[in-house]
Amino acid sequence: MCQITFEEYTGLMQRRDFLKVAAGSAAALPTLWINSKWATAEAAPEDSPIVFNQLGYLPNAPKLITLRTPSTKSTVRAVSSGVIVLQGKPDEPRDDAASGDRIQICDLSAIRKPGMYVLETDAAKSAPFEIGNDVYRHALWLTMRGYYGQRCGCNVDLGNGYSHHACHLNAEFHTTSGKSGPYKNHGGWHDAGDYGRYIVNSGISTGTLLWTWEMLNGAVGKLDLKIPESGGKVPDFLAEIRWNLDWMLTLQDADGGVWHKQTSENFCGFIMPQDDHLVSYVIGTGSAPYKSTCATADLAAVAAIAARCYGPYDDAYARNCLEAARRAYAWASKNPNVTFQNPESIRTGEYGDTDCRDEMLWAAAELWRTTGEEQYRKAFETSVSYLRTDNGLRVKAPSWNDLSAFALWTYALAHRKGASIELLEQIRDSSVHEAERLVQNSRENGYGNSLSLADYVWGSNGVAGNQSLQLIVTDRLQKNDDFRLAAAENLHYLIGRNCFDLSWVTQLGRNPFQHPHHRPSAADNIAAPWPGLLSGGPNGRPGDRVAASLPKRPPMQMYKDDQAAYSLNEIAINWNAPLVFLLASLNS
Ligand code: 9MR
Ligand code: 9MR
Ligand code: ZN
C-alpha cells in the first residue's frame, strides 16, 4: 500500500504547477526535460516508493535500490524487450533510524548490461533506470558549469534564458575594513542564494576544486564548459576557478592580510543580481588589524595550491599566487587569533570561525607541498599536535570551518622528502579508521548515505559530499574498494535514493527539486531553477520559519522543497564543490 505524506503531496502539487507553467513556454523547459528518456507529454513525475539514483548506475557498480513499500518479490525487466533479466527477493524489512522509514533493499548488482530497466514489486513499478558507462558524464559538466552561473561582476549566459548582466561593480571599503572610499574590484562567485562573497567559504570551495584538478585530472582536464574563456590557453576547469581566485586576491591588503568578505550591509530582496544596487562593501573586523586570520590563512592555502595548478599554463600568474600565499601566511603567523564576528551594522552571512588553527595548518601544508621549504614543514609538524587524540589523529570530513583534514592529506599526498614517516603512518591509519566508520554508516543507512544522525546539519548534502571526498582521498592513502563504493552511495542518495525520491541537483534526473533558495532562480521569470546546483538538504535543527513549521520527525525527513526554507533548501558553492569532486572520481 502506498501512503502519501503531506510533504510528498505538496511536493507533487508544486511539480504539477511547474509543468503547467513549463508547458506554456518552450523556453522555460529545461533541456533535460525535452530530451529526457522518461518525459512523456501527459505524465508528471510522481514520488515513487522505489528509489535509486535517477541518473542510473555504472555497469560494474553495486546497484542497491530502496523500497519504501513492502514487497515479497522483485522482478527486473529490460524496457525495450520486456524480457525479465533478474528475479529475486528483497532483503528483510528493517527500520531506518535516519528516516524513520520501514524499508527493504533490492540488490540489482548482477545486472551489468548497459540499457534501460524497470523494477516491479508486489505493489509498484519503478521509473525506468539506466545502466551505462556515461551515466554521470553530463552531471559532472552541469555541476561544474553551475559555478559559471554563480559568477559576479560579468555577463553570464548559460543558455535557455539563464542569464544576467554584470553585477555588483559598485564597491567601497566599509569603515570596518580600516580603509574608506571606493574600490575598483570585481569577480568571484556569489556564495549561495545570496549575492555575498565570503573568503572563508571561497577558500574551501576553490581549494576543493583545485584538488579535483590535481587528483582527478583525467576527468576534468579537457572539460569544455562553454564559458567565455573556452578555447583560451588555460583549460576551462581552471579558468572557471580563476574567476573566483582573482577576486579572492583582490581582498588581500598590502600588508598580506585578507579581509573577511565583500557584501552589502543587509541581504537584498529576491531580485536579479544586476538589480541589486546596494553598495558592495569590503568588510573587516572593525578594529586593527581589520583582516581576519581564518580568511587570510584560507587564501594562503588556496593560492599555494593554485601556484602548482596554473604553472604549466601561466607561469607569471602561478608565481603571483605563490607570492600572495607567502605574504598571507606571514601575516597570519603574526596575527594568529583575529577572529571575525559580524560588526554592528552588518547582517549578511558571518562565516564566523573561532578556531583558525586548522586554516593555518592547511596553509602551512599546502605551502610546503608547493615549495618544499623547511619553514612550512616545521610549522605543520609543530602545530599538528592539537589534532592528537588517544587513538591517533582526528580526521573529520572538511567543512568551511574545519580544514584540518585537507592539511593532513596534503602533507601525505605531497610525497616529499623530509616528511616524518611516523606522521605519515598516523595520517594514513587515522584516515582509514574514519573511512571504515563511514563505510559502516553507509551499510546501516536505509538509503545508503554515510551520514551519522548528528551529520544532518545545515548543508547536510554538502556533508555527504565531503564524506565522499574523504573516502576517495583515503582510498589514495590505502587502497580499499569499499571506500570508493561508499563514496558512490552518497551520490545515489543525493540523486534520488532518499526518502523523497528527489534529485537534490537542479535540472538533473527524473525528479529534481524545484524551489531552491536562490535569488536568480526566483527572480528570472523562468519556472525551472538555474541548472547544476545542489540543495543544502535535510537539517535536523530548523534554521528558518518554514523549517520550524515542519512536524518534528527523524532528521532525514526534515526537508522541504520550499524557496523560503534557506536552512534546508539553499544552494552554496561549498556544497557543489565536493559533488564535482565525487562526479570527477566516478568519471575517471
Ligand atoms: O537569503 C539569505 C540566505 O542566503 C542566508 O543563508 C540566510 C541566513 O543568513 O538568510 C537569508 O536571508 C533572509 C534573512 O536572513 C532574513 N530575512 C529574509 C531573508 C531572505 O529570505
Ligand atoms: O553553510 C553555513 C552553515 O554552516 C551555517 O550553519 C549557516 C548559519 O550561519 O550559514 C551557512 O552559510 C550561509 C552563509 O552564512 C550566507 N550565504 C549562504 C550560506 C548557505 O546557507
Ligand atoms: Zn554579483
Could you check the spin-label model distance between GLU229 and HIS165? Points 7 Å from the Cα along Cα→Cβ, value in nm. 2.5 nm
Can you give me the distance in nm between label points at MET116 and THR72, each placed 7 Å from the Cα along the Cα-to-Cβ direction? 3.2 nm
Expressed as a percent, the portion of alpha-carbon pairs in the stretch 56-131 spaced more than 14 Å apart is 58 percent
Using the C-alpha atoms of the stretch 233-286, what convex hull volume per residue, in cubic angstrom, is computed? 128 Å³
Taking each pair of distinct Cα atoms in the stretch 271-352 once, what is the resulting Kirkwood hydrodynamic radius in Å? 14.7 Å
So, over other residues within a Cβ distance under 14 Å of LEU408, counting Lys, Arg +1 and Asp, Glu -1, the net charge is -1
Cα centroid of the stretch 428-443 to Cα centroid of the stretch 166-235, whole Å: 33 Å
Assigned charges on the beta-carbon of Lys, Arg, Asp, Glu; the stretch 56-131 dipole about Cα centre (debye): 280 debye
Rounded D (µm²/s) - the stretch 477-525, Kirkwood Rh over Cα pairs, Stokes-Einstein at 10 °C, 1.306 mPa s: 125 µm²/s
Over the stretch 199-254, relative contact order from alpha-carbon pairs under 8 Å, at least 6 apart, %: 34 percent
So, taking all protein chains as they sit and a 1.4 Å probe, how much accessible area belongs to MET558, in Å² rounded to tens? 10 Å²
So for the stretch 148-258, what are the equivalent ellipsoid semi-axes in whole Å, largest first, each being the square root of 5 times an eigenvalue of the Cα gyration tensor? 26, 18, 12
Take the Cα pairs of the stretch 379-477, get the Kirkwood Rh, then feed it into Stokes-Einstein at 37 °C and 0.692 mPa s and tell me D in µm²/s. 232 µm²/s
If one computes the Cα centroid of the stretch 262-291 and of the stretch 91-132, what distance in Å separates the two points? 47 Å
If the only charges are +1 at each Lys and Arg Cβ and -1 at each Asp and Glu Cβ, what is the size of the charge dipole of the chain around the Cα centre, to the nearest 20 debye? 740 debye
With every protein chain kept in place and a 1.4 Å probe, the chain has an accessible area per residue in Å² of 38 Å²
Reachable lysines, given that their alpha-carbon falls under 22 Å from the alpha-carbon of LYS291 and they are not under 8 places away in the same chain: LYS179, LYS184, LYS261, LYS334
Chymotrypsin sites (Phe, Trp or Tyr not before Pro) restricted to DSSP loop in the stretch 358-432 with at most 16 other C-beta within 10 Å: none
Under 5 Å between amide H atoms, partner at least 5 residues away or on a different chain: which partners does LEU86 have, H built in plane at 1.01 Å? VAL76
What part of the accessible area of the chain, given as a whole %, is carbon or sulfur when the probe is 1.4 angstrom? 51 percent
Its Cα gyration tensor gives the stretch 281-400 an equivalent ellipsoid whose semi-axes in whole Å, largest first, are 24, 21, 13
Treat each spin label as a single point 7 Å out from the Cα along the C-beta direction, and report the LYS184 to GLU425 distance in nm. 5.9 nm
Please give the FRET efficiency for GLU172 paired with GLU323, using the beta carbon to beta carbon distance and R0 = 30 Å, rounded to the nearest 0.05. 0.65
On a full-extension model of 0.36 nm per residue, what is the gain between GLU214 and ASN337, subtracting their alpha-carbon distance, rounded to one decimal in nm? 41.2 nm
Please turn the phi angles of the stretch 207-216 into ³J(HN,Hα) values with the Karplus equation 6.51 cos²θ - 1.76 cosθ + 1.60 (θ = phi - 60°), one per residue in order, whole Hz, x for glycine and proline. x, 4, 5, 5, 4, 4, 4, 6, 8, 10
Distance between Cα centroids, the stretch 61-75 to the stretch 510-588: provide it in whole Å. 26 Å
Residue farthest toward the positive end of the dipole of the stretch 210-318, with Cβ of Lys/Arg at +1 and Asp/Glu at -1: which of LEU216, ALA297, PHE237? LEU216
Potential extension, ALA288-CYS154 segment - 0.36 nm per residue separation minus Cα distance: 45.0 nm
Leading residue at positive end of dipole, the stretch 331-460 (Cβ point charges), from PRO343, TRP368, THR382: TRP368
What FRET efficiency, computed as 1/(1 + (r/R0)^6) with R0 = 56 Å and r the Cβ-Cβ distance, is obtained for ARG94 and GLN375, rounded to the nearest 0.05? 0.55
At R0 = 30 Å, FRET efficiency that the Cβ-Cβ distance of ASP275 and SER345 yields, to 0.05: 0.85
May I have the pair-distance distribution P(r) for the chain, computed from all Cα-Cα distances with 20 Å bins from 0 and rounded to whole percent? 21, 55, 22, 1
Over the chain, what is the relative contact order in percent, taking alpha-carbon pairs closer than 8 angstrom and at least six residues apart? 17 percent
I need the chymotrypsin sites (Phe, Trp or Tyr not before Pro) found in the stretch 104-208, filtered to DSSP loop residues with at most 12 other beta carbons within 10 Å of theirs. none
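The values are calculated or read from the model by the stated rules, or taken from the named source; none is laboratory data. Here the structure is a predicted model, which is why all the values come from computation and not from measurement. Reconstructed Cβ throughout: ideal geometry from the backbone, glycine too, with neighbour counts over all protein chains shown. The protein model used for the area step is the full one, side chains on, heavy atoms only, and it has no ligands, DNA or RNA in it. Shrake-Rupley method; radii C 1.70, N 1.55, O 1.52, S 1.80 Å.
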